[in-house]
Amino acid sequence: MKLVHALSAAAVLALASSSAFAAGDPEAGQKVFTKCAACHKVGPGAKNGVGPELNGLNGRHSGSVEGYAYSDANKNSGITWSEAKFKEYITAPQKVVPGTKMTFPGLPNEADRDNVWAYLSQFKADGSK
């Protein structure tokens, strides 16, 4: 009986963890990221451009990438990037951080936001996956 309960619990955990990844598709996110790539880089060797590089975004404080000249609004926003905060921001950057230099109009499509987050969250701070 204990084995049945243990297997049931394992099945529930497996389902719960697989649904955590179901919200976004990294491959689809890479395609959507082409809208972002003119300003932002990610991956090995990514450098700041018009916008800061986005390696290791999850858990990073806004305005903290070395060598990037952020707007005061962004530096002082108090944001720590998480999935929820990123999706809120990328929907309408100017509404979330008024005065940001980011002129991108946003991603209105929820699936696009999910997919871009899935793509970006693969990258560690050093650009590796």
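The values are calculated or read from the model by the stated rules, or taken from the named source; none is laboratory data. These numbers were taken from a predicted model, which means no experiment stands behind them. As a convention, Cβ positions derive from the backbone with ideal geometry for all residues, glycine included, and neighbour counts pool all protein chains shown. Heavy atoms of the whole protein, side chains included, go into the accessibility calculation; ligands, DNA and RNA do not. Shrake-Rupley method; radii C 1.70, N 1.55, O 1.52, S 1.80 Å.
Table for the structure above
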item	result
Residue check, ALA38 open to solvent by 80 Å² or more (accessible area, probe 1.4 Å) and of a type in the set (Gly, Ala, Ser)	yes
Of the criteria (1) modelled with pLDDT under 95; (2) not in a helix (DSSP H, G or I), which one ALA6 fails	(2)
GLY56 open to solvent by less than 30 Å² (accessible area, probe 1.4 Å), under 20 Å from GLY24 (Cβ atoms) and not aromatic (Phe, Trp, Tyr)	yes
Which numbered condition THR103 misses (of (1) modelled with pLDDT under 95; (2) more than 20 Å from VAL32 (Cβ to Cβ))	(2)
All positions within region 63-79 that are touching a residue at least 24 places away in the same chain (Cβ under 8 Å) and among the polar types (S, T, N, Q)	SER71, ASN74
Pair list, Cβ under 6 Å, 6 or more apart: region 114-129 residue within 11 Å of PHE33 (Cα to Cα) and of a type outside the set (Gly, Ala, Ser), other residue part of a loop (DSSP other than H, G, I, E, B) and open to solvent by 60 Å² or more (accessible area, probe 1.4 Å)	ASN115/ASP25
Conditions (1) modelled with pLDDT of 95 or more; (2) out of contact with any Cys (no Cβ under 8 Å at 6 or more places or on another chain): number failed by GLY49	(2)
Top-ranked residue of region 69-128 - restricted to ones that are more than 26 Å from ALA28 (Cα to Cα) and among the polar types (S, T, N, Q), ranked as most open to solvent (accessible area, probe 1.4 Å)	ASN76
